[in-house]
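Notes for the one structure printed next.
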Ligand SMILES: CC(=O)N[C@H]1[C@@H](OP(=O)(O)OP(=O)(O)OC[C@H]2O[C@@H](n3ccc(=O)[nH]c3=O)[C@H](O)[C@@H]2O)O[C@H](CO)[C@@H](O)[C@@H]1O
């Protein structure tokens, strides 16, 4: 067996937890470390992009949030079995450092690391700790935060690392910005990985309601769910707006780079992409997100003066149209928003995470 140091990454559930985990895995392999990933069946769906040399271990994950009464009753036993199995694995593998990225599948490995006093950290992507990260915030050496500020329990000091972003986003970090003016301009509308119904309802009518002079200059790229696409496209067409409506844009980084304005949900990665490329934005947090974490995600950009936040409850054609006009009607203000977004961005989030792992490794017995 190689005597290279071993990083165990524990993550799961959704892509939101898995993508930053993948970024760290790639960076540590490049540093000559071995990497193991501990996840569950749901998380395993997002492992396609992980390098082949990452050994993937599937754990049985248990959550109190699903599975009805039977699920709630058996969850503690499943969790305990998972922790025991992780401890046996750690006795064999002797990890140098363990890092959790949230989600229930990260519970067994971080618990085992805590019980065995192994150097350990968690990374939280959102501005509010998820349930599992909440449990461990006081029981790890380092709490790394993808969003800043993050609401942390009293006595816990987080480190702002940022959320790792894709290479295609980094390639366009600080892309030159053409301030709004009397020429063709581009607006990008995205609703997170699944698209957002409410944006398809309100954004096309708001754009259609803009003053003629402004509207005539706009091209819109709008991510819409299949069931909303036809109506959205029609509304744009009737208002004479050149709109490209798709269920998912593969080239969001390139489109952001060309955009004068982004209208978006406030998922952690969307916010990170907007910050790193540096674009003015109107953020509409998903009101039903756990602990309203999307509002917390938006706060950094809003406080810096880089974004306008519209709560879902206040999202109407009129409020949105007024805010779009405010941004696109003020070239200097739009440029200030770009600079503000860049001032709070963390394009080096992966490197900051690597630094944390390397400094924890010094504590390894
Ligand atoms: C509904 C919900 O609960 N969403 C959660 C989910 O976000 P969800 O996965 O929806 O969204 P994120 O904003 O974190 O990530 C979306 C990513 O997809 C990209 N993109 C989007 C649209 C498109 O057409 N093409 C494209 O490439 C964005 O640029 C971004 O990089 O996990 C995040 C991280 O825990 C949370 O912050 C979100 O609250």
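Each peptide among 118-128, 104-114, 36-46, 14-24 gets the average number of other Cβ atoms lying within 10 Å of its residues, and from highest to lowest they stand as 104-114, 118-128, 14-24, 36-46.
Taking the square roots of five times each eigenvalue of the Cα gyration tensor of the chain, the equivalent ellipsoid has semi-axes of 40, 21, 17 Å, listed largest first.
Relative to the current alpha-carbon distance between residue 227 and residue 303, full extension at 0.36 nm per residue lengthens the span by 23.9 nm. Computed on the chain, with alpha-carbon pairs under 8 angstrom and 6+ residues apart, the relative contact order is 16 percent. Summarising the label geometry, the points placed 7 Å from Cα in the beta-carbon direction at residue 219 and residue 135 lie 5.0 nm from one another. Maximal additional length on extending the residue 234-residue 254 stretch stands at 4.7 nm, based on 0.36 nm per residue less the C-alpha distance.
Can you compute the label reach from residue 73? Point 7 Å from Cα along the Cβ direction, backbone N cut-off under 18 Å, restricted to region 108-122. Zone members listed by number: none at all. Normalised by the number of residues in region 170-344, the average gap of Cα pairs under 8 Å and 6 or more apart makes the relative contact order 27 percent. Classify region 108-236: rounded, prolate or oblate, from the alpha-carbon gyration tensor (a ≥ b ≥ c, eigenvalue square roots; a/c under 1.5 rounded; otherwise prolate if a/b is larger than b/c)? Taking the square roots of the gyration eigenvalues as a ≥ b ≥ c, region 108-236 is prolate. Of the peptides 304-314, 214-224, the order by per-residue mean of other Cβ atoms within 10 Å, starting with the highest, comes out as 214-224, 304-314. Relative to the longest principal axis of the C-alpha atoms of the chain, give the angle of the C-alpha long axis of helix 68-93, reported between 0 and 90° and rounded to the nearest 10°. Between helix and principal axis, roughly 60 degrees. The orientation-averaged shadow of the Cα convex hull for region 170-344, equal to a quarter of the hull surface, comes to 8.8 nm².
Ordering 148-156, 356-364, 163-171, 186-194 by mean Cβ neighbour count within 10 Å, with the highest value first, yields 186-194, 163-171, 356-364, 148-156. Calculated [222 nm] ellipticity per residue, helices only, for the chain: -13500 deg cm²/dmol; basis is -39500 (n - 2.57) per DSSP H run with n ≥ 4, divided by all residues, nearest 500. Here the translational diffusion coefficient of region 18-149 follows from Stokes-Einstein with Rh set to the Kirkwood radius across Cα pairs; for 4 °C and 1.567 mPa s it amounts to 85 µm²/s.
Once both labels are positioned 7 Å from their Cα atoms along Cα-to-Cβ, the gap between residue 339 and residue 313 label points is 3.6 nm.
Readers should treat all values here as calculations from the given coordinates under stated rules, not as data from a laboratory. Keep in mind the model is a prediction, meaning the values are calculated, not measured. Please note: Cβ atoms are built from the backbone with ideal geometry, for glycine as well, and neighbour counts cover all protein chains shown.
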